[in-house]
Amino acid sequence: MKTPAPLLITASLDSGRTPYVALSSTSARIEAHMEGLLAWCREPWVRSIIFAKNCSAGIRPEILVHAAASYGKELEFIQVASSQRTVLQGKGFGEGDMIRQALEQSDLLRGADDFIKVTGKLFCAGTEQLLRGEGRGEFFLAQHHFQDPVLSIRRWVSPLYRSERGGRVMAFLKRPMRVPWGLIASSSSALVDTRLYRVNRDFYLEVLSGAYLRVQDALGYTLEHAFHDNLRGSIGSVRMMEISPGIIGVSGSVGTRAGEFSEEIRAEARDLAARLLI
């Protein structure tokens, strides 16, 4: 029987100077992360968890390790360095940079063929049925429908975002040159849901690891769009699902909550969060 893929949780327990983040309260963010972690710990198929953190909030990692162990799970805590480019390019850059460092540092990821990535604060029941280990990756595909007509010039410049240099040119035009957003923002319509996916480790390193370098959140070119562009040539080797996974938890970007964790999990999360901070 194939060993279940380890679960990589990406966590930013404080928002720091990251732009376009609605949930900025450190205490609220920590409690939300603990709700998600505890929900995953209760899943029978989950055996090992990598909890990667890229913020400066001081915590006691042993609290996380002991909490996971109480459910029979192995937890590896990884502290990564944050990049100043996250302030300029947005949270998608920060997430990609966090995953890069986690892959370099984690013993669990180094020894795994595949891994399942989930954004901290979130949980999806039935993940083992959705992500069945088919192909070199399994991703949820979504379409963005613009409410207003997109100017033709935006459709013309959008391919520039598929290169790091092109994205930097667009950022230069927006900030120092003050070119109106409506003329140069990305008009990419398809995107990959980066909150939850399964991927072969080598495939990620070959195809997706550099996607975050092109992110320009302020111009509408997010990590979700960058993933979609990188996967264009690999459709035959990955499984793309045009469904929306039933994810619950708090969105750090917009601050909204989908679904509810049980009162038992919420109470345990409050206690865990209170003991976690130094």
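Readers should treat all values here as calculations from the given coordinates under stated rules, not as data from a laboratory. Bear in mind the structure is a predicted one, so any value in this text is a computation, not a measurement. Because the Cβ atoms are built from the backbone with ideal geometry, glycine has one as well, and the counts that use them run over all protein chains shown.
The table for this structure:
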read-out	value
Cα centroid of the range 117-131 to Cα centroid of the range 256-278, whole Å	17 Å
Listed candidates (i) 16.1; (ii) 14.5; (iii) 19.5 - label of the one calculated as mean projected area of the Cα convex hull in nm²	(ii)
Candidate aspartates and glutamates - alpha carbon under 13 Å from Lys174, same-chain residues fewer than 8 apart omitted	Asp217
Ranked Met177, Met241, criterion: other C-beta atoms within 10 Å, fewest first	Met177, Met241
Unit charges on C-beta of K, R, D, E only; dipole of the chain, Debye	980 debye
Anchor Lys53: aspartates and glutamates whose Cα lies under 19 Å away (excluding residues fewer than 8 positions away in-chain)	Asp14, Glu31, Glu35, Glu62, Glu74, Glu76, Glu95, Asp97, Glu104, Asp107
Normalised contact order of the range 96-218, rounded percent, pairs of Cα under 8 Å and 6 or more residues apart	44 percent
Sequence ranges 256-264, 70-78, ranked by mean other-Cβ count within 10 angstrom, highest first	70-78, 256-264
